[in-house]
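Beneath this line is the structure, given in structure tokens, with notes to follow.
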Amino acid sequence: MSASETYRPPPAPAAEGIHPARVRSGARRLVSALSQGRASVWTALTALLVAAGVLGAVLGARVVARSDAEKARLAFHLASSETASTLKMAIQHEEDLVDGASSFMADNPTASPADFDRWAQSAQAMKRYPELQNIGLVALVPASGLKSFEARLAANPVRALGPEWAGPPGPLQVLPPGNRPYYCLAVAGLARSVSTYLPAGVDYCALAPALMPGRDSGAASYAPFMRGSATALGVSTPVYRGGAVPRTTAGRRRAFVGWLGELLEPQVVLGRALEGHPNLAVSFSYVLGRSHVVFHSGRVTAGAQTAAINLRNGWTVATFGPALAGGVFADSYALTLLIAGTLLSVMLGLLMFILTTGRRRALSLVHEKTRELSHQALHDNLTGLPNRALVLDRAEQLLARAARQPGMMAGALFIDIDGFKHVNDNLGHAAGDQLLRVVGERLQGAVREQDTVGRHGGDEFVVLFEATHDEATLYMLADRLTEVLREPVELADGRKIYSVTASIGVAAGKHATPDALLRDADLALYAAKAAGKDRYALFEANMYSGREGRLELEKDLSVAPQEQQFFLLYQPIFDLASREMVSVEALIRWQHPTRGVVAPDSFIPVAEESGLIVPIGRWVLDEACRQAAAWAERGIHIDVSVNVSAYQLGRRDFAEDVRRAIGRSGVEPSSLTLELTETTVMRHLPAACERLEEVKALGVRVAIDDFGTGYASLSYLQRIPVDVLKVDKSFVAALSEGGQSRALLQAILGVGRALSLAVVAEGIEEPAQLSALEEIGCELAQGLFMAKPCRPEAIDNLLSSRRHVVGSRAA
């Protein structure tokens, strides 16, 4: 089953240019002429038919030629957009590294080269950034301090190639040599190899005059850097104490620490951007202020298509593609259509002479109409793919063939698009229909011609295949389909869905009926969705009981809100300095009539998949606000945090739900905090930021839960309207195991301070963890060691004293 075997659409009918009304009119005149025996009329009509057919072939060939040229142009622009997107992500990737390094040096202005090396190793700079050749900190050294700098460097040498590397022997040699009032010399750094190593005495201010203006302006600069015959990209960013850029020039000079410098190999980035596009060339340029850098990759042909995309921040991407072929004779498919259409017209003219009665013509039309109706009955109107009825028919044939061939097996993949409901809700049904068509086309292009791709209904697709008894084949096919679907989708109105994921259930082997084959694939699909989506699962026999249990749980869950089976527990959050409880987090529990208390991990995924999470989430929000208002009436003012799912945030009326809960309870909006995970916010970042701005306008606070486990970069974090970071408990748990957890927690606390965000450490379960958090300056924390989730009455007892002895396990 080769990935190169792709689906090719059949050629369009050659007689497409003939107008149906003319055909019917000509047929009537033909029948009349036959009945009267006038052979001359037949000859004239035959000639007319042939001429019309040839004209139709010419017009059809021209349409095909234009269509192919348009497709080539569209493919080029799509490839250009993909290339530009890759380069934009590369720039953001580098900015994340610069932000991290700048924060480290700003917080540690006296850090030694060894400290910088340890930070770079913990950040895995060389591993995660293959284009990075050299990174380091450059300090401003006056001529009078050159001797003391040399002594400092001798005591703490820059070990650019690792802790065991001592560097070249001998005294410091300034390059280029000369007497200048000041020098810009490296005080810490790391190089990828000997070839990219820069001597310790290089005076960067002499080589890059833009450094000193950059110190005063606070702006980063980009410039080409010649290294032998190759040109690299030099990036410099001024670093100031405290991490923030002072507002005045004098302030920037006083707080100046040095420049963070990077040496990048642009061809590595350009090579990644051009992967999968062998016919493209790219020009990557940066023009801003005094910085002007241009890099090229690929070969530009004569008459090439061009497209320029402005990535903002000074960067522009220009792409060059193959020249477009014009005209019918330059397009082999259009030329074939012209020749075939002409020959077919001649053949139809000859067939005119064998038509004897209108009855035969009528039978032919009836047969054609029957075939058209049969096609419509067995194919999906939106995607053109086989529908469920045709899929079952082909599955039956597939099982019969597999039964006759002992070495072969029949298989089915059940595919469900993750988050399709959110596309319909947020982008509209037209966007959802276009997404379904794109998914159908991608699935067809990723399988063999003999395989069947069908639409089962809604956002579910089925792929039928036959292969040898080898599980690796199943995994290979599922992997290929998953990767194909993950590519971005550009909608007709210019909006883009950056990632389409799908859950896939795979079933193969002996099955008695097509329904049994699809049922097993469907069960495997539910297992893939339950495991977190964006993955595939192979059918196993024990999935039967799991599916039955899930259906029963979903049925019970649908009546739980009406029967008031839910209740809330509240887990305190403490200020570590005063040991005072400052807020609580509301946690839902389900008092099942037969199963007892059910934890949220067991029913929240089912609620999200079934859509029941929306009314459940409204109830949690209302109940938490009501309880906070009840405490406030008794003179006890305490903040309450409520967890929000991606399904709630994705709804247009989410802010109205929050406003209604606040209005009904009378609680102060500032005492309510909404907690969302990084993944929830980053799934659809622009829409999420819009919703959060709406609730922030109500006076509500926003917290990012499980921070550190998602993929929100520092640049994205500045865009999200957030007030609190809740550090994932895995970082706290790792404090007991040693390693780099302490440094990571310190870095997160630094991020919080830099962005003026409160930071809460979650999951404290041991005294040693609490002590370690206090040592690194953590101010807020929660966990079972400090207090378990408890009923409102227990919280009342704690609130009445306003203090709680941290270290005792609260009931």
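The values are calculated or read from the model by the stated rules, or taken from the named source; none is laboratory data. Note that the structure is a prediction, hence the values are computed from the model and not measured. Neighbour counts are summed over all protein chains in view; Cβ atoms, including those assigned to glycine, are modelled from backbone coordinates with ideal geometry. Only protein heavy atoms, including side chains, enter the accessible area calculation; ligands, DNA and RNA are left aside. Shrake-Rupley method; radii C 1.70, N 1.55, O 1.52, S 1.80 Å.
Selection of segment 416-432 for residues being without any contact (Cβ under 8 Å) to a residue 40 or more places away in the chain, more than 20 Å from SER503 (Cβ to Cβ) and open to solvent by less than 30 Å² (accessible area, probe 1.4 Å) yields only GLY428.
Exactly one residue out of LEU49, LEU30, LEU97 is surrounded by 19 or more Cβ atoms within 10 Å (Cβ to Cβ) and modelled with pLDDT under 50: that is LEU30.
Summed over segment 203-240, the residues that are touching a Pro at 6+ places or on another chain (Cβ under 9 Å) and without any contact (Cβ under 8 Å) to a residue 40 or more places away in the chain give a count of 7. When ASP470 is tested against (1) within 30 Å of ALA646 (Cα to Cα); (2) open to solvent by 20 Å² or more (accessible area, probe 1.4 Å), only condition (1) is not met.
Of the set (1) touching a helix residue (DSSP H, G or I) at 6+ places or on another chain (Cβ under 8 Å); (2) modelled with pLDDT under 85, all apply to LEU464 but (2). Inside segment 510-523, residues that are open to solvent by less than 20 Å² (accessible area, probe 1.4 Å) and in a loop (DSSP other than H, G, I, E, B) make up a count of 0. Among the strands (runs of 3 or more DSSP E) confined to segment 241-305, the ones with at least 1 residues that are farther than 22 Å from GLN133 by Cα and among the hydrophobic types (A, V, I, L, M, F, W, C) are located at 256-264, 281-288.
Please work out if LEU274 is modelled with pLDDT of 85 or more, surrounded by 16 or more Cβ atoms within 10 Å (Cβ to Cβ), under 23 Å from HIS93 (Cα atoms) and not charged (D, E, K, R). Spelling it out, it is not the case that LEU274 is modelled with pLDDT of 85 or more, surrounded by 16 or more Cβ atoms within 10 Å (Cβ to Cβ), under 23 Å from HIS93 (Cα atoms) and not charged (D, E, K, R).
Considering only segment 564-580, state which residues are surrounded by 13 or more Cβ atoms within 10 Å (Cβ to Cβ), part of a loop (DSSP other than H, G, I, E, B) and of a type in the set (A, V, I, L, M, F, W, C). Residue satisfying the conditions is LEU576 alone. From the list SER756, SER741, SER730, SER771, the one residue that fits, being under 29 Å from the mean Cα position of the chain (by Cα), free of Cβ contacts under 8 Å to residues at least 12 places away in the same chain and open to solvent by 40 Å² or more (accessible area, probe 1.4 Å), is SER756. Only one of the listed residues (ALA531, ALA527, ALA537) is under 23 Å from SER499 (Cβ atoms), at pLDDT below 85 and buried (at least 16 other Cβ atoms within 10 Å of the Cβ). That residue is ALA527. Across segment 287-305, which residue is modelled with the lowest pLDDT among those that are of a type in the set (Gly, Ala, Ser) and surrounded by fewer than 16 Cβ atoms within 10 Å (Cβ to Cβ)? Looking at residues that are of a type in the set (Gly, Ala, Ser) and surrounded by fewer than 16 Cβ atoms within 10 Å (Cβ to Cβ), I get GLY289. Only one of the listed residues (LEU365, LEU435) is modelled with pLDDT of 80 or more and hydrophobic (A, V, I, L, M, F, W, C). That residue is LEU435. Can you confirm whether segment 337-353 contains a residue that is farther than 19 Å from ALA52 by Cα, modelled with pLDDT under 80 and either in contact with a Ser or Thr (Cβ under 6 Å, 6 or more places away or on another chain) or among the hydrophobic types (A, V, I, L, M, F, W, C) (or both)? No, every residue in segment 337-353 fails to be farther than 19 Å from ALA52 by Cα, modelled with pLDDT under 80 and either in contact with a Ser or Thr (Cβ under 6 Å, 6 or more places away or on another chain) or among the hydrophobic types (A, V, I, L, M, F, W, C) (or both). Quick check, is PRO561 open to solvent by 20 Å² or more (accessible area, probe 1.4 Å), modelled with pLDDT of 85 or more and within 30 Å of GLU793 (Cβ to Cβ)? Yes: the conditions hold for PRO561. As a summary of the residue check, PHE284 satisfies the conditions (1) closer than 15 Å to THR316 by Cβ; (2) open to solvent by 50 Å² or more (accessible area, probe 1.4 Å) except for the one numbered (2). Residues that are open to solvent by less than 10 Å² (accessible area, probe 1.4 Å) and of a type in the set (Asp, Glu) within segment 110-137 comprise just one, GLU131. In summary, strands (runs of 3 or more DSSP E) completely within segment 585-700 and bearing 1 or more residues that are in contact (Cβ under 8 Å) with a residue 60 or more places away in the chain and under 28 Å from the mean Cα position of the chain (by Cα) occur at 639-643, 672-677. Tallying residues that are open to solvent by 60 Å² or more (accessible area, probe 1.4 Å) and hydroxyl-bearing (Ser, Thr, Tyr) within segment 654-678 yields 1. Pick out the one residue from SER35, SER67, SER40 that is open to solvent by 40 Å² or more (accessible area, probe 1.4 Å), polar (S, T, N, Q), assigned to a helix (DSSP H, G or I) and modelled with pLDDT of 75 or more. Result: SER67 is the single residue among SER35, SER67, SER40 that is open to solvent by 40 Å² or more (accessible area, probe 1.4 Å), polar (S, T, N, Q), assigned to a helix (DSSP H, G or I) and modelled with pLDDT of 75 or more.
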